[in-house]
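Below is one structure, written out as structure tokens; the observations come after it.
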Amino acid sequence: DNLPNLKCFSLKCYMKFKSYDNTILPLRRRMSCLEKLTLYLRIEDRDRFIDGNYLENEILVNMSQLHSFTFYICTYIKSIGLVHNLSSEDIQQTFINIEQHNVASIVHYIEPEQIVCSIFSIPFTFDRLEDIGNIFPNIIFSNVTYLLVQDVVPFNRKFFIRVARAFPLLKTFRIFSFDSRLLCDLDSSQSDEIAEYRYLIYLDMLCANINNLEQFLNQGKTYVPCLTKLKVVHNNLRIVTNNFTREETRRNCAKIKRLILMIPLVHSKDFYLYFPLL
């Protein structure tokens, strides 16, 4: 049945789900009188990306009274089934013929055989942003406090400096990287600028490369005055801190109150001197 009295609808689903076409789509078709619609969706198990053409044909065409549409929609697709590689520009072109011009599109690999397409309205009003990679729009995400980045292309120092500028209120940062290089000073010639994460509380480096961990713990590269929670691989932490004796990484570890290592370990005296608040 139609829902003629429903004027405002908001749906935010932070977990990936597979039942979009059988659940969300039929529900939305009953809301033809909506004036305000907000969607935050991460959708798996589709054979096509959700793009501007889809929004026009499946949402906007059925909602003549809609005057406010705020959205962040991610579609995850296995690249094996794609006829050709789509780009962010290809997706952006699908928005030309509709009124929703303030839209950003990102297409990138998060795994060797999986592509994610993210489309979202600008300005970005949500407090979470997930599964973006090395390339993202040159805008300020002033409301985002939770960020998850993932890419098959390694993250470098310039990327983290750019993230610090684009997400000034970030509190939770989760980094997923398939880069398997050993610890090295690959980024030393790129920039002397310090990335400032003034409000960052929780850093998840469990699936990040060891070079990314060094970037954040090295006080000469990153400023994290509020960092109190760290999730990390113990051996990476041991190497980066030189068995918990390295001075360059001591300050950024000193305020950590919760260290998540996934496996219980017996720690040395140097470890507890390095993390005095544990």
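The values are calculated or read from the model by the stated rules, or taken from the named source; none is laboratory data. What you see is a predicted model; the values in this text were computed from it and never measured. Quick reminder, even Gly has a Cβ in these numbers, built from the backbone with ideal geometry, and neighbours come from all protein chains shown.
Summary table below
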{"read-out": "Residues of the stretch 239-278 classified as closer than 19 Å to K221 by Cβ and outside any loop (DSSP other than H, G, I, E, B), total", "value": "9"}
{"read-out": "Residues that are buried (at least 20 other Cβ atoms within 10 Å of the Cβ) and assigned to a strand (DSSP E or B), drawn from the stretch 145-175", "value": "L147, V149, Q150, D151, F173, I175"}
{"read-out": "Among residues of the stretch 220-248, those that are more than 16 Å from L183 (Cβ to Cβ) and crowded, with 22+ Cβ neighbours inside 10 Å, counted", "value": "3"}
{"read-out": "D204 of a type in the set (D, E, K, R) and touching a residue at least 12 places away in the same chain (Cβ under 8 Å)", "value": "yes"}
{"read-out": "F120 vs. criteria in a loop (DSSP other than H, G, I, E, B) and under 26 Å from L170 (Cβ atoms)", "value": "no"}
{"read-out": "Some residue of the stretch 177-191 being of a type outside the set (D, E), at pLDDT below 95 and within 18 Å of the chain's Cα centre (by Cα)", "value": "yes"}
{"read-out": "Pick from the stretch 94-109, criterion among the aliphatic types (A, V, I, L, M) and modelled with pLDDT under 90, ranking: nearest to L39 (Cα to Cα)", "value": "I98"}
{"read-out": "Test: I24 is under 27 Å from the mean Cα position of the chain (by Cα) and either surrounded by 13 or more Cβ atoms within 10 Å (Cβ to Cβ) or at pLDDT 85 or above (or both)", "value": "yes"}
{"read-out": "The stretch 256-277 - residue that is exposed (fewer than 15 other Cβ atoms within 10 Å of the Cβ) and closer than 25 Å to E196 by Cβ and, of those, farthest from the chain's Cα centre (by Cα)", "value": "P276"}
{"read-out": "Leading residue by the ranking (modelled with the highest pLDDT) among those in the stretch 1-21 that are of a type in the set (S, T, N, Q) and over 22 Å from K78 (Cβ atoms)", "value": "S10"}
{"read-out": "Residue count for the stretch 208-231, restricted to those that are in a loop (DSSP other than H, G, I, E, B) and closer than 12 Å to I175 by Cα", "value": "2"}
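Here is a yes/no grid of residues against (1) in contact with a Ser or Thr (Cβ under 9 Å, 6 or more places away or on another chain); (2) free of Cβ contacts under 8 Å to residues at least 40 places away in the same chain; (3) over 20 Å from S79 (Cβ atoms):
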| residue | (1), (2), (3) |
| --- | --- |
| T23 | no, yes, yes |
| K36 | yes, yes, yes |
| R42 | yes, no, no |
| F49 | yes, no, no |
| L60 | no, no, yes |
